[in-house]
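Undergrad: Attaching a single structure in structure tokens format; questions to follow.
The numbers here are math on the coordinates, done by the rules we state, and not lab data. Since this is a predicted model, take the numbers as computed values, not measurements. Glycine also receives a Cβ, built like all others from the backbone with ideal geometry; neighbour counts cover every protein chain displayed.
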Amino acid sequence: MKQINKKSIYTTNRYFPSILLIIFCFLLISCEDAPKNIDEAKKNAIGIWQSTQYGDIWLKIEIKSNGEFSLWNALPNQGNWGDVAKSGTWEVNKTRYSDTGKEYYQATLEVTNGDNFVRWYNLDLSSNKISFEGNSPLRISKSSSNPW
């Protein structure tokens, strides 16, 4: 009877240490990014956020420490953000994902000035996605760089 070589995949795969390091770094970054309480979530929300996904209307949101925000939107071919399209107030609350029940913090932005086409936005501070009035979420990140 032939004996089976019991060498582990961990010792025979030369890429395993690199893969393990990448997974560890991803988990470490994921854990550090998610706010752990309301105060931390508020602090994380403040700043300039941009969504410049290919083929979409781009968004730029400045969330201010005084509880107000300003929002710009632009088409990629415009070449600049133009004037403020909307503004309003924001607050952070804790909620749960509908599919997993996992808690997360979101900044709810309520439009008080500007068009009434979209009246509120939800910025998920754990996954860095923004949605508005039930539409599919867009990837968004903190950035003050010029995307053009």
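Undergrad: If you keep only loop residues by DSSP, which trypsin sites (Lys or Arg not before Pro) in segment 48-148 have at most 16 other Cβ atoms within 10 Å of their Cβ?
TA: Those satisfying the criteria are LYS64, LYS102, ARG119.
Undergrad: Same structure, new question: Can you work out the FRET efficiency for the pair ASN146 and THR112, with r the C-beta to C-beta distance and R0 = 25 Å, to the nearest 0.05?
TA: So the FRET efficiency works out to roughly 0.35.
Undergrad: Which of the chymotrypsin sites (Phe, Trp or Tyr not before Pro) found in segment 79-129 are loop residues per DSSP with 16 or fewer other Cβ atoms within 10 Å of their Cβ?
TA: Passing sites in segment 79-129 are TYR97, PHE117.
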